[in-house]
Amino acid sequence: MELHGLHGQVVERIGESLAAQEIRAGQVLRLEDVQDRYGVSRTVAREAVRVLESKRIVTSRPRVGITVLPMAEWNLYDPQVIRWRLASPFRSAQLRELTELRAAVEPCAAALAAVGASPDTRNTLVELARTMESIAHTDDTQGFIAADLAFHRALLNASGNGMFAQLSEVTEELLVARRDLPLMPDHVDTDAVRRHTEVAEAIAEGRPDDAAQCVRAIVDSAHREVEQLLEGGAHCALSSRPMPERGDAT
């Protein structure tokens with residue numbers, strides 16, 4: 001959920017500072033510190049702290065103050081937390097974690113979809129893969145990545161596993177980040193596009209092992225691309241550059 005208003009701006013600035021380790025775990029803040037640092041009222045400061053508490057980033061106790069929790073205790077699946085980490089100088093760790101999560105979940109989701117998805121859902125995946133293939137031959141990068149997002153969202157939903165489906169926001173952040181950082185190759189990988197079609201066809205034809213194997217190949221290929229770009233110094237050159245605003249397409 002995107003936060004708006006003054007307290008949302010304060011949450012955003014504090015979150016970015018926390019992810020960049022400018023404010024460290026164990027550090028104790030007072031509500032007055034938040035007021036003074038960001039020039040806001042006590043009501044706004046208190047609301048910002050409440051939001052950070054809901055994300056398990058800080059804990060607030062009487063006569064102690066606002067204590068920053070270790071990152072391991074944060075809600076690391078929160079899309080806003082993911083974006084803060086991706087905007088920080090430590091973005092490579094978050095990118096790798098997202099890739100590893102995707103590699104663990106999506107092949108299983110594809111296998112489940114091949115076994116239990118409805119005919120309409122199977123057809124939808126085939127159509128989304130065809131859309132990706134069609135757009136891949138144009139210069140519409142935004143349209144292509146929007147189709148890619150739609151495909152992977154539909155794949156997780158098709159698994160029939162509600163917990164997998166709710167991870168779609170999390171895994172989408174990786175695809176969004178690859179555009180925004182940027183960490184994508186100059187040209188669309190036609191092999192990756194073909195694999196999406198193979199995934200959809202395997203699901204449509206009820207071949208769970210093939211569906212899982214094809215998804216695994218997609219994720220492995222994307223992981224190698226990110227690693228190569230990071231090793232090439234992209235993360236260093238971008239470490240101080242703010243993230244663009246997140247759009248609907250990636």
Do you know which residues across the range 136-150 are farther than 13 Å from HIS196 by Cα and more than 16 Å from the chain's Cα centre (by Cα)?
HIS137, THR138, ASP139, ASP140, THR141, GLN142, GLY143
Taking only pairs six or more apart or across chains, which ones have beta-carbon atoms under 6 Å, a first residue in the range 222-236 that is of a type in the set (A, V, I, L, M), and a second residue that is surrounded by 15 or more Cβ atoms within 10 Å (Cβ to Cβ) and modelled with pLDDT under 70?
VAL226/LEU183; LEU229/LEU183
For the range 8-63: of the residues being over 24 Å from ALA87 (Cα atoms) and of a type in the set (Lys, Arg), which is surrounded by the most Cβ atoms within 10 Å (Cβ to Cβ)?
ARG46
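For residues in the range 47-101 being part of a loop (DSSP other than H, G, I, E, B), under 18 Å from ALA25 (Cα atoms) and without any contact (Cβ under 8 Å) to a residue 24 or more places away in the chain, which is farthest from the chain's Cα centre (by Cα)? Step through it out loud before you land on a result.
Let us first name the residues in the range 47-101 that are part of a loop (DSSP other than H, G, I, E, B), namely 55-57, 62-64, 69-70, 74-78, 87-90.
The next check asks that each one be under 18 Å from ALA25 (Cα atoms); those that pass are 55-57, 64, 69-70, 74-76, 88-90.
Then drop every residue that is not without any contact (Cβ under 8 Å) to a residue 24 or more places away in the chain, which leaves 56, 74-76.
On the way: ARG56: 18, TRP74: 15, ASN75: 13, LEU76: 10 Å.
Result: ARG56.
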Is there a residue in the range 123-145 that is basic (Lys, Arg), surrounded by fewer than 16 Cβ atoms within 10 Å (Cβ to Cβ) and more than 27 Å from GLU227 (Cβ to Cβ)?
yes
Here are ALA136, ALA177: which of them is more than 30 Å from SER17 (Cα to Cα) and touching a residue at least 40 places away in the same chain (Cβ under 8 Å)?
ALA136
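The values are calculated or read from the model by the stated rules, or taken from the named source; none is laboratory data. Here the structure is a predicted model, which means the values were calculated and not measured. With ideal geometry, Cβ positions are generated from the backbone for all residues, glycine too; neighbour counts draw on all protein chains shown.
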